[in-house]
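Peer 1: Pasting in a structure now, in structure tokens, and then I'll have a few things to ask.
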Amino acid sequence: MDTKQKILDEALTLFSEKGYANVFVSEIAERVGIKAPSLYKHYKSKQAIFGAIIEEMHRRFLEQAKHLNIQGNNPIVDAEIYSGLPEEELVRLGINLFLYQLHDDYTRRIRKMLTIEQFHNKDLAIAYMHQYMDDPMFYFTALLKQAVDQGVLQTDNVEVMTLQFYAPFYTLMTVCDRDPEREAESVQILEDHIRQFNKLYGRAV
């Protein structure tokens, strides 16, 4: 692991353990094994480190999406993939994405940090909303609208349909974060949700 990556990893660990506001650049440098001036050669500020952590999380997610044969950040392209997937493959895709979010250590630590810090830091509250509500809702709204336009799904209110699709993913993720022993139960509920959603909106595949 190179120095820049180690800075991000150690900073994320500290942020998730102590809270963003309670971590100083000097602490991050000490954990990395360098002096603070050396750290500033890589990142200009703690905020820059945080921004790089979020970018790294997105990079990792897109890499995982590629392994699952979707784009992950292009709802128009992914709508074509979604529209052609048989239900069994769609269920597997949904569960795999859920399990990635739940178990990827980098993603999990970021979620822990943002969950805690949203109540203490306005900027991190905004980051939390973007990460877990605004961005997923934008992506799935665009994807599901394409599916409706193509006749794969039927509804006259895409926004409500999107909320009904995404809300269980978010809810079950928070359940498992707080009680990991409920993971198997949550995965089963998620599978049942996807199948019921397809019936509710008359999925044509």
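Peer 1: Of (1) among the β-branched types (Val, Ile, Thr); (2) surrounded by fewer than 18 Cβ atoms within 10 Å (Cβ to Cβ); (3) under 22 Å from the mean Cα position of the chain (by Cα); (4) not assigned by TED's automatic domain parsing to the domain that holds residue 176, residue 7 satisfies all except one. Which?
Peer 2: Every condition holds for residue 7 apart from (2).
Peer 1: Which condition does residue 123 not pass, out of (1) modelled with pLDDT of 90 or more; (2) over 26 Å from residue 182 (Cβ atoms); (3) of a type in the set (Asp, Glu), if it passes all the others?
Peer 2: So the condition that residue 123 fails would be (1).
Peer 1: State which residue is surrounded by the most Cβ atoms within 10 Å (Cβ to Cβ) when the search covers only region 10-42 and only residues that are of a type in the set (D, E, K, R) and under 19 Å from residue 123 (Cα atoms).
Peer 2: The residue in question is 18.
Peer 1: Tally up the residues in region 112-127 that are out of contact with any helix residue (DSSP H, G or I) (no Cβ under 7 Å at 6 or more places or on another chain) and of a type outside the set (Val, Ile, Thr), please.
Peer 2: Counting residues in region 112-127 that are out of contact with any helix residue (DSSP H, G or I) (no Cβ under 7 Å at 6 or more places or on another chain) and of a type outside the set (Val, Ile, Thr) gives 4.
Peer 1: Would you list the helices (runs of 4 or more DSSP H) that sit entirely within region 123-205 and hold 3 or more residues that are farther than 22 Å from residue 81 by Cβ and without any contact (Cβ under 8 Å) to a residue 40 or more places away in the chain?
Peer 2: Those helices (runs of 4 or more DSSP H) span 158-178, 183-200.
Peer 1: Of all residues in region 139-150 being more than 21 Å from the chain's Cα centre (by Cα) and of a type in the set (A, V, I, L, M, F, W, C), which is surrounded by the most Cβ atoms within 10 Å (Cβ to Cβ)?
Peer 2: Ranking the qualifying residues of region 139-150, first place goes to 147.
Each row is one residue, and each column tells you yes or no for (1) within 27 Å of residue 141 (Cα to Cα); (2) in a helix (DSSP H, G or I).
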{"site": "31", "(1), (2)": "no, yes"}
{"site": "48", "(1), (2)": "no, yes"}
{"site": "60", "(1), (2)": "yes, yes"}
{"site": "72", "(1), (2)": "yes, no"}
{"site": "91", "(1), (2)": "yes, yes"}
{"site": "95", "(1), (2)": "yes, yes"}
{"site": "102", "(1), (2)": "yes, yes"}
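Peer 1: At pLDDT 95 or above, in the same structural domain as residue 183 (by TED's automatic domain parsing), aliphatic (A, V, I, L, M) and within 24 Å of residue 162 (Cβ to Cβ): is that true of residue 99 in this structure?
Peer 2: Answer is yes for this residue.
Peer 1: Which members of region 110-122 meet the condition of being under 18 Å from the mean Cα position of the chain (by Cα) and without any contact (Cβ under 8 Å) to a residue 60 or more places away in the chain?
Peer 2: Those that are under 18 Å from the mean Cα position of the chain (by Cα) and without any contact (Cβ under 8 Å) to a residue 60 or more places away in the chain: 114, 118.
Peer 1: Checking residue 88 against (1) loosely packed, with under 14 Cβ neighbours inside 10 Å; (2) at pLDDT 90 or above; (3) farther than 30 Å from residue 204 by Cβ, which single condition isn't satisfied?
Peer 2: Going through the list (1) loosely packed, with under 14 Cβ neighbours inside 10 Å; (2) at pLDDT 90 or above; (3) farther than 30 Å from residue 204 by Cβ, residue 88 breaks only (3).
Peer 1: Still on this structure: Looking only at residues that are part of a loop (DSSP other than H, G, I, E, B) and under 20 Å from residue 154 (Cβ atoms) in region 74-89, which one is nearest to the chain's Cα centre (by Cα)?
Peer 2: 85
Peer 1: Restricting the search to region 151-166, which residues are over 20 Å from the mean Cα position of the chain (by Cα), within 16 Å of residue 203 (Cβ to Cβ) and of a type in the set (S, T, N, Q)?
Peer 2: Result: 154, 155.
Peer 1: Here's a follow-up. Could you identify the single residue in 128, 132 that is in contact with a Phe, Trp or Tyr (Cβ under 8 Å, 6 or more places away or on another chain) and surrounded by 17 or more Cβ atoms within 10 Å (Cβ to Cβ)?
Peer 2: 132
The values are calculated or read from the model by the stated rules, or taken from the named source; none is laboratory data. Keep in mind that what you see is a predicted model, and the values were worked out from it rather than measured. Because the Cβ atoms are built from the backbone with ideal geometry, glycine has one as well, and the counts that use them run over all protein chains shown.
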